Amino acid sequence: MIIDEVIRVIRPSRGSLVYILKTEMGLVIVDTGSETRAASILIDYVRNRLHENPDKIRYIFLTHWHGDHSGAAAKIRELTGAQIICHQDDSRLLTGKTEIDFFWEKPMPRSGLNPLMQLVCAAGYRLMKANTDSLQPDLLVEEGATPFGEEWRVIHLPGHTPGSCGLWSSRRRILFAGDTMLCAGKRIIPPVPFLIQDTEKLYESWCKLNRLGEINWILPGHFSPMRWNQRLRILPVVEKYGLHRKDDKDRP
C-alpha cells in the first residue's frame, strides 16, 4: 500500500504493520513485524519494488519494545547495518534489563497480568512465532527528537508501554501511532484494556495527539492505515473506554 510518495506499508509477518519511510537521511523501517524472516521480505521489497539498494536502509525505528514490533530488528541490522532506535523509557525492557513477566518462556507485553491473560499473550506470541530475544538499541530518543531529519519528529506516547512513541510530520500531517491507537473500520480505538500499562498516561497521550490539530493520515501498528483528515476526538473514547485522569478538569 502506498500512503504518499515517501511511505509504503507492508505486512511481512503475522505481527505489526511495517512502514518504509523515505527521508533525507535514507530509508527508515518503522517497526519490523514479529518474525526474523520478515527481514529478508523487507529487503526484497526495497530492492525489487522500490528499486533501492538495501544499504540505503539506515534506521529501524521501534514504536515500542514488544516482540510483534521488534522481532526482525536485529536481523535487519545484521543485513544492512541500520541503526535501531527506540525511546529511552523502553530501552531496559527491550534489552531485558528490567523485570518482565514470562510465561512459556515468552516475555509478556506488560507486567502484572493475571494467569489467564499471561496464557492469552503467550499463545499470541507463539502463534505469531515472534522473536522475543533481548535487543540492544543503537540510539535512544526522547520527545522532540529528529533522528533522521527535521521533517519527522518523535512524539512520546506512553500508556501502552512506558516508552511508546510515534513520528509526526507537521508538513504532511501524518502520524505514525504505533499501538497508542488502532484503526478499526472507520473508527479510532485504543489498545484492548489488558494491554494498557497505564490508562492515565494513555489518556494524556491521546490529549497530546488532539493538540496536533488536523491529522491527514493515522498509521497504526495493526489493522490498516486510515485517511483521517480531522482532529483526533477524545471525549467519545473517554466515555467508552474510561481513559481519563482522575480530577482532570481540562479535557480537550
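Annotations
- Selection from the range 143-179 of residues that are modelled with pLDDT of 95 or more, under 18 Å from Ser91 (Cβ atoms) and among the polar types (S, T, N, Q): Ser164
- Scan of the range 19-50 for residues that are part of a strand (DSSP E or B) and not basic (Lys, Arg), ordered by number: Tyr19, Ile20, Leu21, Thr23, Gly26, Leu27, Val28, Ile29, Val30
- Among the residues of the range 170-211, those identified as of a type in the set (S, T, N, Q) and surrounded by 20 or more Cβ atoms within 10 Å (Cβ to Cβ) are Thr180, Ser205.
- Only one of Pro107, Pro137 that is closer than 17 Å to Thr32 by Cβ, of a type outside the set (Gly, Ala, Ser) and at pLDDT below 85: Pro107
- Selection from the range 223-233 of residues that are under 17 Å from Leu157 (Cα atoms) and surrounded by 17 or more Cβ atoms within 10 Å (Cβ to Cβ): Leu232
- Counted residues, the range 137-171 - those being in a loop (DSSP other than H, G, I, E, B), touching a strand residue (DSSP E or B) at 6+ places or on another chain (Cβ under 7 Å) and within 21 Å of Gln230 (Cα to Cα): 3
- Ser16 vs. criteria assigned to a loop (DSSP other than H, G, I, E, B), in contact (Cβ under 8 Å) with a residue 60 or more places away in the chain, surrounded by 17 or more Cβ atoms within 10 Å (Cβ to Cβ) and polar (S, T, N, Q): yes
- Selected residue (criterion: surrounded by the most Cβ atoms within 10 Å (Cβ to Cβ)) from residues of the range 81-135 that are acidic (Asp, Glu) and free of Cβ contacts under 8 Å to residues at least 60 places away in the same chain: Asp101
- Close Cβ contacts (under 7 Å, 6 or more residues apart or on different chains) running from residues in the range 144-157 that are within 13 Å of Phe61 (Cα to Cα) to residues that are of a type in the set (Gly, Ala, Ser) comprise Trp152/Ser169; Arg153/Gly144; Val154/Gly144; Val154/Ala145; Ile155/Gly166.
- Count of residues meeting criterion [assigned to a loop (DSSP other than H, G, I, E, B), touching a helix residue (DSSP H, G or I) at 6+ places or on another chain (Cβ under 7 Å) and of a type outside the set (Lys, Arg)] in the range 100-132: 9
The values are calculated or read from the model by the stated rules, or taken from the named source; none is laboratory data. Predicted, not measured: the structure shown is a model, and the values here were computed from it. Heads up, the Cβs are rebuilt from the backbone with ideal geometry, glycines too, and the neighbour counts pull from every protein chain shown.
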